[in-house]
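Heads up, the thing below is written out as C-alpha cells.
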Amino acid sequence: MKKNKIEHYSDKEALDFHNTNKSGKIEIISSKPMTSKRDLALAYSPGVAAPVKAISKNPDLAYDYTAKGNRVAVLSNGSAILGLGNLGAIASKPVMEGKAVLFKRFADIDSIDIEIDSSDTKEIINSIKSISKSFGGINLEDIKAPECFIIENELKKLLDIPVFHDDQHGTAIITSAALINACDIAKKNIKDVKVVINGAGASAMACANLFINTGVKEQNILMLDSKGVIHSERDNLNEWKKKFAIKTKNRTLNDAIDGADVFLGLSKAGVLKKEMIRKMSKNPIIFACANPDPEIIPEDVEVIRDDAIIATGRSDYPNQVNNLIGFPYIFRGALDVRAKTINEEMKVAAVKAIATLARERVPDEVVAAMGGDRPHYGKEYIIPSTFDPRLISVIPVAVAKAAIKTGVARKNIKDFDNYAEQLKNRLDPSVAVIQGINSQIKKNQKRVVFADGEDENNLKAAIAFKNNGLGEPILIAKEDIVKKKLYEIGYEQKLDIKIINSTDKDLRERYVKFLFEKLQRKEGLLERDCDKLIRNDRVIWGACMVSCGDADAMVTGNTRRYSSSLEKVIKVVDPRPGEIMFGLNMIINRGKTIFICDTSVIEYPDANQLAEMAISTARVVRLFGFDPKVAFLSHSTFGQPATDRTKRISDAVQILKEKNVNFKFDGEMQPDVALEETYKELYPFSEIVGNANVLIMPSQHSAAISFKTIKSMSRAKVIGPLLIGLGQAIEIAPLRSSTSEILNLASVAAYSAGVIDYNKKN
C-alpha cells in the first residue's frame, strides 16, 4: 500500500494561522448593498416591515426573504472534541469554526458555530429548539454518547428542519459506501457478510444501523464494547446497545473475528492483532478508523494478508474514511429542497451516490490530490477523494431526489440537470486551477529556487512545496539563519531541503563568468562588478541558477518591492524571443475568474504592445484551462466618448482583426460593460460584452489600481502577478505576500517550466 505524504505543521504555525489578520476562521458579510440611505431603509426600517408581515402570515416565506435556507447551525457542548475528549464548550469553538469553514468551502453553505455550555440534555435540547427558527438545518458535533442519541432523537421530533449528528451519520454514510464497493471488489454478497464492529459509541451504532439499511443482515453483525461482545445474556446494556445484543457464544474480539468478512474499528489503536487478521475470511475487509492511530496499521495487515481491502481514518493512507465526503453535500441537497428532516432514504441515497462515483474515471483534480498518479476503482480506491469536484453535483442531487420522493421536501426541483449545473457553479474556481497545475507538476517535478530563503513565508512555502510532493525546492539562504527560523516557527521535523549560497565557490565562479559575458558590453560591468552582484544579491544568484540549468524555475519577492526584484531579474534574463514582458493577475471572486494585464511592467503600452499582450494572455489563459474572451478596457465604450487616449486602444483591436487570431476579443469598452450581462441588450453585436474574462488595461497605472482595489475591498483571491514573456520560468511575489500566495507562484513557475519552450515563441 502506497503511503501518501502528509504535511507537518507546528503548534505555533497552527496558532499563528488562527490569529493572522482577523482572529478565527469565519466572518459574516452583507449579501446586499449598504451604500445609501435608501439601501438602509430597505434593509431595516421601514422596508423590513414588508417581509416581516409576509412571514408572519406564512412562516415558510422565511426561506425566500431571509438567509435561513442556506444557513446551518454547527452546535456542540465540547463533551467529545475530536480525539481530545471533554474539554468544554469554549474549547470546541475552533473545531466548530473549522466545520463552518468546510461547509462554505465545499458546499457554499453559510454556517454559524454555537457552543452550548451545558451537560444537561434537556437544557441543550431546549436551547437548540429556542434558536432553531433561524436556521435551515442543525449539525450536531462532538457530543458524547449516549447524550448525543437523546439530543438528536428529541430534536427530530420537535423541529421541522434537518437535524444531523455528523459523528454518527457522516461516518456511517461514508463507511457504508466503502462497504458496498469493498464487497463488490472482494466478490462478496453484502447480504451474506459477517461484520464485526469494535466500538459501541455513537458512530459505531449509526454505522450498524446504516449497514442494515444497505443490505447487511442484522443477525450478521457482532458489536463489541470495552467489556467485550454485546450478547443477549449481558445484563449491563443500555437501551441503545440492547438493539445489537444477539445470541452468540463469542465473548472477545479474538472470538468474534474468526471467519469474519468485515472488521469495522471505531475504538482505539492496536486492538486488532496480526493473529486475528489470519482468522478472517478470504479477501477480508478491514476498516480501522480509530484516530489518530488505527486499530491496526495497513503495513501490518499486508504482511500477512495481501488479499485484504483496507481503509482508515487517516489521510496518509488510501481509502480515507472522511466525513467531508458526506456532510456538506447532504446538507446542500436537503437545504435546496427545504427538507423537514434527513431521513434514512436520504442517507441511503447519499451512500449509493458516493459508492457509484468511486467507480467512475477519476478527474484531474483528484490526481493532483493523490500525488500525481491516477487512481482506479479497486482495493486502494473504494471511496472518492475529498477533492473530487463531482461530489457537489452528484450527492446533493441524490439527496434532494430522495427527499422529494419521500415527501419531506417543501420545495420541488423539476430540472435536475440544471440543478446539477447550478451546484457546479458553487465551487471556487481557484481551487480547480491550482489543483490542475499541481497535478501536472507532480508528474514532471522541477527544481524551484526560493530566492528569499531566509524569509519566514518563503521558508514555509518551500517546506509546503516539498511536503506536498510538488517538486524539489532550493533555498538561497544561510543554514544558521534557516535553523533559527525553523526554531521560531516551531518546525521540529528534519529539513530535507537543499540550501545554497554564495559560499559555493565553484557555482559562484561559473555564475560570475556567465554574468560577465552577458553584461560586459550591455552595461559596461567589470568582472569584479559581476562578482559583487553574485555575492550580494540572492535574486541575481537565483536567476543565474535557472539560466545556467542548475534549477528549472524560481520564485522571489515578498521581502522587497516588485520593481526592485524585477530590475534584478532582467539583468540576468532577457524577454522570451519575439515577445514582450508584462504582468498578468488572476482574480477569483464569487465564482468568476478574470485575468488583468498589464499590472506591473509596461507603464503606458502602445497599440502594438496592447495587441501582443492580448495574444500572449490568451495563450496563457488557455494553459490554465479557460477559453479566453478578451476585452480592451477604456473610459469609453465603442467610441463614446472618443478621445485621443482611446485611439490606441481601438487601434489595438484593429491590429488583432488583421492578425486573424483564434480567440474572441472586442473593445474599447468600460469594465462594467465587459463584465455585466445586463449590457448585452444594449450591445447585441458583441460576443464579449458581459462575458469577458481577460481585461487588457490601457496602462499599468489603471491595471495596478484596479486589481489592488479589488483585492483590498472584496473577498477576491489573487494569483500573481504572473510574469509573462520572460525568457525563464521566474515569478515575483509582491511585497508582504502570504505563504499560500508564494506557494501558488512557485507552482505556476514549476508549471511554466514544464509547458513552455523558452527558446522559441509559442
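The values are calculated or read from the model by the stated rules, or taken from the named source; none is laboratory data. This is a predicted model, so every value here is computed, not measured. Methodologically, a virtual Cβ is constructed for each residue, glycine included, from the backbone with ideal geometry; neighbour enumeration extends over all protein chains shown.
What pairs come up if the first residue lies in the stretch 253-268 and is over 19 Å from MET205 (Cα atoms), the second is small (Gly, Ala, Ser), and their beta carbons are under 9 Å apart, counting only those six or more places apart or on different chains?
Once the first residue is over 19 Å from MET205 (Cα atoms) and sits in the stretch 253-268, its partners that are small (Gly, Ala, Ser) give ASP255/GLY228; GLY259/SER281.
Which count do you get for residues in the stretch 383-415 that are touching a Phe, Trp or Tyr at 6+ places or on another chain (Cβ under 9 Å), surrounded by fewer than 20 Cβ atoms within 10 Å (Cβ to Cβ) and within 18 Å of GLU344 (Cα to Cα)?
Residues flagged as touching a Phe, Trp or Tyr at 6+ places or on another chain (Cβ under 9 Å), surrounded by fewer than 20 Cβ atoms within 10 Å (Cβ to Cβ) and within 18 Å of GLU344 (Cα to Cα) within the stretch 383-415 amount to 1.
Select from the stretch 548-580 the residues that are closer than 17 Å to PHE450 by Cβ, among the polar types (S, T, N, Q) and either modelled with pLDDT of 85 or more or part of a helix (DSSP H, G or I) (or both) and list them in ascending order.
THR556, SER565
Every residue, every condition in (1) surrounded by 12 or more Cβ atoms within 10 Å (Cβ to Cβ); (2) at pLDDT below 75; (3) in contact with a strand residue (DSSP E or B) (Cβ under 9 Å, 6 or more places away or on another chain); (4) outside the structural domain of VAL301 (by TED's automatic domain parsing), yes or no:
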| residue | (1), (2), (3), (4) |
| --- | --- |
| LYS5 | yes, yes, no, yes |
| HIS18 | yes, no, no, yes |
| GLY24 | yes, no, no, yes |
| ILE29 | no, no, no, yes |
| ALA41 | yes, no, no, yes |
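Yes or no, residue by residue, for (1) within 24 Å of the chain's Cα centre (by Cα); (2) more than 20 Å from GLU218 (Cβ to Cβ); (3) surrounded by 24 or more Cβ atoms within 10 Å (Cβ to Cβ):
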| position | (1), (2), (3) |
| --- | --- |
| PRO146 | no, yes, no |
| LEU155 | no, yes, no |
| PHE164 | yes, yes, yes |
| THR175 | yes, no, yes |
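Kindly indicate which of ALA100, ALA91 is touching a residue at least 24 places away in the same chain (Cβ under 8 Å), farther than 22 Å from ASN343 by Cα and either assigned by TED's automatic domain parsing to the domain that holds VAL72 or assigned to a strand (DSSP E or B) (or both).
Values: ALA91 fails: touching a residue at least 24 places away in the same chain (Cβ under 8 Å).
Of the residues listed, the single one that is touching a residue at least 24 places away in the same chain (Cβ under 8 Å), farther than 22 Å from ASN343 by Cα and either assigned by TED's automatic domain parsing to the domain that holds VAL72 or assigned to a strand (DSSP E or B) (or both) is ALA100.
From SER706, SER712, grab the single residue that is polar (S, T, N, Q) and in contact (Cβ under 8 Å) with a residue 12 or more places away in the chain.
On the way: SER712 fails: in contact (Cβ under 8 Å) with a residue 12 or more places away in the chain.
None of the other options fit; the residue is SER706.
For every residue, the table says whether it meets (1) of a type in the set (A, V, I, L, M); (2) on the phi > 0 side of the Ramachandran plot.
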{"residue": "GLY69", "(1), (2)": "no, no"}
{"residue": "SER79", "(1), (2)": "no, no"}
{"residue": "GLY85", "(1), (2)": "no, yes"}
{"residue": "ALA89", "(1), (2)": "yes, no"}
{"residue": "VAL101", "(1), (2)": "yes, no"}
{"residue": "PHE106", "(1), (2)": "no, no"}
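Here is a yes/no grid of residues against (1) small (Gly, Ala, Ser); (2) buried (at least 20 other Cβ atoms within 10 Å of the Cβ):
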{"residue": "ILE90", "(1), (2)": "no, no"}
{"residue": "MET96", "(1), (2)": "no, yes"}
{"residue": "ALA100", "(1), (2)": "yes, yes"}
{"residue": "ILE151", "(1), (2)": "no, yes"}
{"residue": "VAL193", "(1), (2)": "no, yes"}
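Mind checking which residues of the stretch 215-230 are buried (at least 19 other Cβ atoms within 10 Å of the Cβ) and in a loop (DSSP other than H, G, I, E, B)?
VAL216, ILE230
Within the stretch 537-547, count every residue that is buried (at least 22 other Cβ atoms within 10 Å of the Cβ) and either of a type in the set (Phe, Trp, Tyr) or not in a helix (DSSP H, G or I) (or both).
Of the residues in the stretch 537-547, 1 are buried (at least 22 other Cβ atoms within 10 Å of the Cβ) and either of a type in the set (Phe, Trp, Tyr) or not in a helix (DSSP H, G or I) (or both).
Based on this model, can you work out whether PRO318 counts as under 29 Å from PRO389 (Cβ atoms), in a loop (DSSP other than H, G, I, E, B) and not β-branched (Val, Ile, Thr)?
Numbers: under 29 Å from PRO389 (Cβ atoms): yes; in a loop (DSSP other than H, G, I, E, B): yes; not β-branched (Val, Ile, Thr): yes.
Yes.
Among the residues of the stretch 420-437, write down those that are buried (at least 19 other Cβ atoms within 10 Å of the Cβ) and modelled with pLDDT of 80 or more.
Answer for the stretch 420-437, where residues must be buried (at least 19 other Cβ atoms within 10 Å of the Cβ) and modelled with pLDDT of 80 or more: just LEU423.
Within the stretch 594-601, identify whether any single residue is free of Cβ contacts under 8 Å to residues at least 60 places away in the same chain and in a loop (DSSP other than H, G, I, E, B), and answer yes or no.
Filtering the stretch 594-601 down to residues free of Cβ contacts under 8 Å to residues at least 60 places away in the same chain leaves none.
Looking through the stretch 594-601, none of the residues is free of Cβ contacts under 8 Å to residues at least 60 places away in the same chain and in a loop (DSSP other than H, G, I, E, B).
Scan the stretch 231-240 and tell me whether some residue there is within 32 Å of the chain's Cα centre (by Cα), outside any helix (DSSP H, G or I), of a type in the set (A, V, I, L, M, F, W, C) and at negative phi. Write out each step before concluding.
The initial filter retains those residues of the stretch 231-240 that are within 32 Å of the chain's Cα centre (by Cα), namely none.
The answer is no; no qualifying residue exists.
Can you give me the number of residues within the stretch 517-528 that are modelled with pLDDT of 85 or more and either surrounded by 14 or more Cβ atoms within 10 Å (Cβ to Cβ) or acidic (Asp, Glu) (or both)?
Start the filter on the stretch 517-528 by keeping residues that are modelled with pLDDT of 85 or more, which leaves 528.
Subsequent filtering for residues that are either surrounded by 14 or more Cβ atoms within 10 Å (Cβ to Cβ) or acidic (Asp, Glu) (or both) retains none.
Within the stretch 517-528, residues that are modelled with pLDDT of 85 or more and either surrounded by 14 or more Cβ atoms within 10 Å (Cβ to Cβ) or acidic (Asp, Glu) (or both) number 0.
Check ILE330, ILE342 and return the single one that is in contact (Cβ under 8 Å) with a residue 40 or more places away in the chain, of a type in the set (A, V, I, L, M) and outside any helix (DSSP H, G or I). Lay out the reasoning, then the answer.
Details: ILE330 fails: outside any helix (DSSP H, G or I).
It is ILE342.
Given the residues ASN189, ASN250, ASN291, which is the only one that is of a type in the set (S, T, N, Q), part of a loop (DSSP other than H, G, I, E, B) and modelled with pLDDT of 95 or more?
Numbers: ASN250 fails: modelled with pLDDT of 95 or more; ASN291 fails: modelled with pLDDT of 95 or more.
Just a single option satisfies the conditions, and that option is ASN189.
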